[in-house]
Ligand SMILES: [Zn+2]
C-alpha cells in the first residue's frame, strides 16, 4: 500500500476516533487537545523516521484542570479504541517507553 493510501486511511481512522475520544474525555472530566498530527521534516525534536513526519500519527492530550495528564495508563481506554479501529493502528502506551498520548498507523515497522 502506498504511503498516501495509508495517510488517507489514518486520516479516516482519526476522524472516527476523535469524536469518541472527545466524548470519553468529557465523561471523565478531562479536556482534550490534539497535536502533532503532522511534524515538519525539518523539526528538530522527535525521531527522524517518526510516523508523525509521515502524517501517520497524532497526539491526544488529556488536560485535568489545565494540567497535562502524563500517566499513560489513563489513556488506555482510548488506546484500546484506537487499536480496535484498524489492526495496523498502534497505541504509544504499549511502547517500551510508554507514550500514552501517541496514536499511530504502523508503516515499514515504525509506529
Ligand atoms: Zn508521538
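The values are calculated or read from the model by the stated rules, or taken from the named source; none is laboratory data. Keep in mind it's a predicted model, so treat the numbers as computed, not measured. Every residue, glycine among them, receives a Cβ derived from its backbone with ideal geometry; neighbour counts consider all protein chains shown.
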List the number of the failed condition for residue 16; all other conditions in (1) in contact with a helix residue (DSSP H, G or I) (Cβ under 8 Å, 6 or more places away or on another chain); (2) at pLDDT below 95 hold.
(2)
Take residue 36 and decide whether it is touching a strand residue (DSSP E or B) at 6+ places or on another chain (Cβ under 8 Å) and farther than 13 Å from residue 111 by Cβ.
yes
Considering only residues that are touching a strand residue (DSSP E or B) at 6+ places or on another chain (Cβ under 7 Å) and more than 14 Å from residue 24 (Cβ to Cβ), which ones fall in the stretch 63-85?
68, 83
List, please: which pairs have Cβ atoms under 6 Å, are six or more places apart or on different chains, and start with a residue in the stretch 90-105 that is touching a residue at least 60 places away in the same chain (Cβ under 8 Å) and end with one that is part of a strand (DSSP E or B) and more than 11 Å from the ligand (Cβ to nearest atom)?
105/89
Please state which of the following conditions residue 34 fails to meet, knowing it meets all the rest: (1) over 11 Å from the mean Cα position of the chain (by Cα); (2) in contact (Cβ under 8 Å) with a residue 12 or more places away in the chain.
(1)
